[in-house]
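Have a look at the structure below, then the notes.
The values are calculated or read from the model by the stated rules, or taken from the named source; none is laboratory data. Not measured: the values here are computed from a predicted model. Cβ atoms come from the backbone with ideal geometry, glycine included; neighbour counts cover every protein chain shown. With ligands, DNA and RNA removed, areas are computed over all heavy atoms of the protein, side chains included. Shrake-Rupley method; radii C 1.70, N 1.55, O 1.52, S 1.80 Å.
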Amino acid sequence: MPSSFCTDEEETRKLDATARSFLEHLGLPTSHPLCDDDGGLGETSEIVGAAGDSDHERVEELLSNIGAGVVFELPNAAANFFTDADANGRVASQQLFHRQQQQMPTPPSVGSISLLELHDHSAGELLLTAATMSAPTLAMSELWLRFFAAFLSPLCLCWMIHREVVTKNGKKTKQKSTAKKDGEEKVTMVICIAGLASSAVLFTDSLYVYEYGRWFGLSLFISSTILAVRCAAASSSNKEQRKNGGSNSEGTTTITLFRSTIFLLIATMAIVFLRSDGGMFMDNALRRFLPISSSTSTPDNESNNSLDRMPHPGIDLPTILEGMYLSSSNPLVSSIVSHWPESSRTYTVKNGATPYLVNGDQRTGIPFVVNGVEDQEYVRVWTRNGYDGEYLALDIAFPYSEGDDDDDDDGGGGGDDESTGKQTVFVHDPKMPVYLVLHGLNGGSHEEYVKDLVKRRRAEGSTVVVMIARGMMDTRIVGWNMFHGARTGDVDVAARAVRRGLISLHADDARSERRQILVGVGYSMGAIILSNYVARSGEHCALDAAMAISGGLDMRQQLNFKRSMRLWQPMLTFGLREDMLIGKYARHCKHRLTREKFFSMLRVTSISALDVEAIVSYNSFDNLVHYYSEMSAMGDRDPEFDLFGASTDSAPTRAGSNNWGRIANVSIPFAVLQALDDPLVGWRTVGTNDPQGLVESGSGNIMLVLTKAGGHVGWPLGNNPKKDAWKWMNNAARDFALAVDMAKKSA
């Protein structure tokens, strides 16, 4: 259910004077200036656009003089921005880009199209696409097995041991009918297969090995294998009885399938184990006897197809330790950490973590399955990106208080509470931090974890502004520039719009001692974009502080995260493609992409592959590596962990801070919260094997909070995770913001 939005009449009725004053100082329209209610171009668009241009021109002029790579909008424009050595050249490049934009054809209409039209009226192409629709279902099935493997394997093993003991003691009931015996035997076979498969998962899955180590899964697998083989042998001993008793061949076929399944599971586990080092041992052994090429050869990182040739990392265990990393030489950071409660930056069972969720898959998936947060009420305003003229939606959630029924003259009114005679009114507290939230991929202000943050912060008196990524939710674009993860200009425009409002509000309030701080909070893809913006903008960042949650600093490390591509990304890919690329902007994609690329986009099963076929081609990136480099806060330095093969460059020394690239330009307190068992954004996206060196780079404004457990946008609490929802994660952001506020006050 989408969260509700105040209409103009409701807005006036529910907002008190402080909230209305906040909106007035923002000075942003509450309806899309270029679109009427029917989604078409409004008659007053020229007037509204002209009225709002001057302010955005000042922002654009400021950005154009910052230096290379601050605001990344489109690859070709950025290339010009990098190569021009002087400000005049950069301005000329931007003017050229705007002229090119004006010469582009009128964008097609927005909206879904029929499946046949989507496939150029070819039933054959439609069938090929339909054949790939099973990928999310298969991924979900395997994921559920991995969810419960830690519980299934011991239970099945106990049952097999019980059966073995009963059989050995000769306590089998001989009076049972043949049909009942056959039924029990089939149940036994199913339990044996489930136990063997679950133990194989515990032995070979990276997240379980990280949690329990190798020996736990190995012992369960060996025990399950022995008992399953004995069960198969015992079942075959009844073969003659079936024949003598005139039984059909169904039992023989079942036993054969049972044996074959056991053999396949053992063989598959053996292959996975031999490739647990990334395939090096297996490839070297095979090449000694067979003239084959290595499957672990270094990929061509200049190719758009490098994704398929990336070597599998095998059982990929973190080589960095959990904990809080900070620069003790930065007095502001030290003060922030002293005000930041340790319990909100340490996720352990002792601090309330859910004890029975034992790996990153469970800590990610279960919260999204069981948690539900009531809809929040927002006031939507719009701000304009002067670079390409697109308008961005900002959903503002105000804190609330109770007013008397006769408070209408002061803007009171709203939800009536008949039991108390009070009305809920929305207010703005100028002393509390304001949050600018960047949601995840294909999300919005209706995302459950976003609503959880909004609900908690509103109750504490903070105003929360959620920036809707262009084209998401019920927003639309009027040009060609759709969402992509390397665009940081939208964040800058939104942050500056809110910051200007806060500055104006502070200047208008003589009683206010200092301006309230603006804290950016990003989740998943929003965290990736936020990190990139904070690094690129440097000292010109429009935020006072920022926290990135479950977002990588170097997304190139996702290129070989095969586990995420196989288990989690098919579901995300299906949703993003159906809602955005097909549901709204299919005509845009058909116009920009070749026929082959467009059909490939319809059939890929991972986010990375979708990026190759759609985002890279649509936005003219050189290749996927180029896109991920521009998307990442640490994308302008050589990747670590031998991503493209062994490199002569080791991790940068702490003395060589210049080797850290743009991440060293961070000028505000910037916290990165990442779980090392994240199943979607791998631990390697931290970007370095030297986290302490990273936080000491530049001015030392970066803080890394690495938890051993937590999953992706998860960190569930208590025996009933539904009760606290995303409390730990969102309170960590709150405590960080308050710590920054207190540290700045005491500075």
As an exercise, take the mean of 1/r over every pair of distinct alpha carbons in segment 550-638, invert it, and state the Kirkwood radius in angstroms. 13.6 Å
Whole-Hz couplings from phi, Karplus 6.51/-1.76/1.60, listed for segment 544-550; x for Gly and Pro: 8, 6, 8, 10, 9, 10, 6
Rounded to whole Hz, the Karplus (6.51, -1.76, 1.60) HN-Hα couplings of segment 256-267, x for glycine and proline: 4, 5, 4, 4, 4, 5, 4, 4, 5, 4, 5, 5
Residue pairs, from the table 14/584; 186/708; 14/455; 350/455; 451/562, whose Cα atoms sit over 29 Å apart: 14/584; 186/708; 451/562
For the peptides 128-134, 725-731, what is the packing order when you average, over each peptide's residues, the other Cβ atoms within 10 Å and list the highest mean first? 725-731, 128-134
Test of understanding: what is the full-extension gain from residue 431 to residue 642, defined as 0.36 nm times their sequence separation minus their Cα-Cα distance? 71.2 nm
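Output the peptides 732-739, 588-595 sorted from most to least packed, where packing is the average of other Cβ atoms within 10 Å over each peptide's residues. Write down the numbers at each step before the final one.
Details: 732-739: 24.1, 588-595: 16.5.
Going from most to least packed, we get 732-739, 588-595.
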The set of residues whose placed amide H lies less than 5 Å from the amide H of residue 353, leaving out same-chain residues fewer than 5 positions away, is 348, 718
Can you give me the long-range amide H partners of residue 380? Hydrogens built in the peptide plane at 1.01 Å from N, cutoff under 5 Å, separation of 5 or more residues or another chain. 6, 396
Taking the Cα centre of segment 683-747 as the origin, how large is its charge dipole in debye, to the nearest 20, when only Lys and Arg (+1) and Asp and Glu (-1) carry charge on their Cβ atoms? 300 debye
Candidate residues 387, 618: accessible-area rank, largest first, probe 1.4 Å: 387, 618
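Show me the ranking of peptides 608-614, 449-455 by mean Cβ neighbours inside 10 Å, starting with the highest.
Packing proxy ranking, top to bottom: 449-455, 608-614.
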Of all C-alpha pairs within segment 665-745, those more than 19 angstrom apart amount in percent to 48 percent
If the chain between residue 351 and residue 503 were fully extended at 0.36 nm per residue, the gain over the current Cα-Cα distance would be 50.9 nm
Amide proton proximity set for residue 671, modelled H, under 5 Å, gap of 5+: 546, 547, 548, 703
Measuring from a point 7 Å past the Cα of residue 424 along Cα-to-C-beta, which residues in segment 379-397 have an amide N at less than 20 Å? 379-381, 395-397
